[in-house]
Structure formats: C-alpha cells, structure tokens
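Colleague: One structure, as structure tokens, below. Some questions next.
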Amino acid sequence: MSSFNRFPSHNYSPSAPPVPDYSQQGQQQKPSSQGPSYQHPPNSYGYGPSASYGNSSFPTQGAYFPPGTHPEIVRSFQMVDKDRSGFIDEMELQAALSSGYQKFSLRTIRLLMFLFKNPNDSSSRMGPTEFAALWNSLGQWRATFERFDRDRSGKIDSFELRDALYSLGYMVPSSVLQLLISKYEDSSGRRGVLDFDDFVECGVIVKGLTEKFKEKDPRYTGSATLTYDSFMSMIIPFLVA
C-alpha cells in the first residue's frame, strides 16, 4: 500500500469545468419541443434552443442531446458522425472540435476522450450527451484562458497558468507546475509558453488526476492510501494518452 499526498491546499473546487454525471445512466433524455431563441454571439457555446439527434431522417441508437443543447453543438457532432451511429471516435472528435475551436493535438483529444466518455463504455467513443458536456466545458476553459491571457497574445506563460489553475481551485505546487509545462514551447522555441491546446492539456491532466484522487479521499483530507495497482491505473492513462 502506498500513501500519496496531494498538495498543501485541499480545496477540491466545484467551480472547475464539469464532467458528465452518469448517476441517471439508462434514462434516455429526449429533447423538449421548445426552447429560447438563439441570441448568443458566434463564439459563445452556451445552451440555446433544444435540438434532437434521433429522428427518422437521422437514425441513431437512442442517442439524444440534452434538452436545450445549442444547435452548433448538434451540427458539429452530426458533421463528423458519418455512419449515423450516434457515437464518434477520437479522430471524429478531433474534427468536430476543430470546427468550433482551434485544432487540438491527438494527445489532447485522447485525454478529453478519457475524461469525458462514459466510463461504463469500454470503447474509445463518445455519444451526444458526453460531447455536449465536453463542448460546454471547453467553453469554460476558453473563457478562463482568455481571462488570463492579459496581453491577448493567444498564449499564456507559467505564471498565468498558475493563476488560471488557482482560479479553478487547483493550487499546484510551483515545482510540479514547472515540470508540467517544461515540454511546451512556442514557434520561436521559447519554453513554458502555452497556446489554448496546451492549456487544455495541462488543465485536463490536473483536473483528471484531482478527480481520480478525490475518489480515494472522500473526506477531503488531502491524503489517501491506495494500492500499487490503483496508483498505476490512476496515473498511466494521463502519461500515455
């Protein structure tokens, strides 16, 4: 058994971008017939009118978006789900997100797939509910990124990353933070500079590992005891994505 400490602050923040809640797994959500008109600006990915993804002209296996899902989310999913299965794989997810955000690396896509896909599904695929949750979570990550990209360069440095993660409730030690961003560099070769793709990757690693640790620390003490197998199962997916 191994004792594994998190870091000095044990504030597991509820404000961080959420992942889907599968507590109601098996209860099909059908879209409502009405919803507010779409008044969001082009880059706003909040919920707008309700939209379905399961009708006679577009058959699926009971796949529905949550009521009120923004049409842009539905369109992006439909655009890449060529076989009309109601599920998308890693490459399709990369294509779908590239239509609404910048292009993400395959490593970031795999991390997002791991974190957001239905844990009860052993395959690497994602349905409408998970895709909608991911899309809107990325909207929150984008807002955070832009908030701390104070010079509007499209990049943030290690100090801005520290402040951004802190705003989400993650007090990452400076030594860990430096290790985390050490592999990133911009086009000029300057290290420790992150674009949005890199920021999402770092954020997903911190958030994902924190969520996994919380499962072992239900009382939020900041420490947990776990087996070697549990430790490896928790860490390896974030290393090999």
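Read the figures in this text as sums done on the coordinates, not as results from a lab. What you are looking at is a predicted structure, and each value in this text was computed from that prediction instead of being measured. FYI the Cβ positions are ideal-geometry reconstructions off the backbone, even for glycines, and counts take in every protein chain you see.
Colleague: Which whole-number percent gives the relative contact order of segment 72-152, counting Cα pairs below 8 Å spaced six or more residues apart?
Modeller: Computed value for segment 72-152: 27 percent relative contact order.
Colleague: How far apart, in nm, are two points set 7 Å out from the Cα along the Cα-to-Cβ line at S182 and at S223?
Modeller: The two pseudo-label positions are separated by 2.7 nm.
Colleague: Still on this structure: So between S153 and Y166, what do we pick up on full extension, going 0.36 nm a residue minus the alpha carbon distance?
Modeller: Roughly 2.6 nm would be gained on extension.
Colleague: Moving to a separate point now. Listed here are the pairs K82/K103; K183/K207; K103/K214; which of them are more than 23 Å apart at the Cα?
Modeller: K103/K214
Colleague: To continue, here is another question. Treating the beta-carbon of each Lys and Arg as +1 and of each Asp and Glu as -1, no other charges, what is the dipole magnitude of segment 143-222 about its Cα centre, to the nearest 20 debye?
Modeller: Here the size comes out at about 340 debye.
Colleague: If you don't mind, there's one more thing I want to ask. Compare the Cα positions of V193, A96, L161 along the charge dipole of segment 86-241 (+1 at Cβ of Lys, Arg; -1 at Cβ of Asp, Glu; about the Cα centre) and return the one farthest towards the positive end.
Modeller: Of V193, A96, L161, it is L161.
Colleague: Between M91 and S122, what is the label-to-label distance in nm when each label sits 7 Å out along the Cα-to-Cβ direction?
Modeller: 2.4
Colleague: Each label point is 7 Å from the Cα along the Cα-to-Cβ direction; what then is the distance between the points at D83 and Q102, in nm?
Modeller: 3.3
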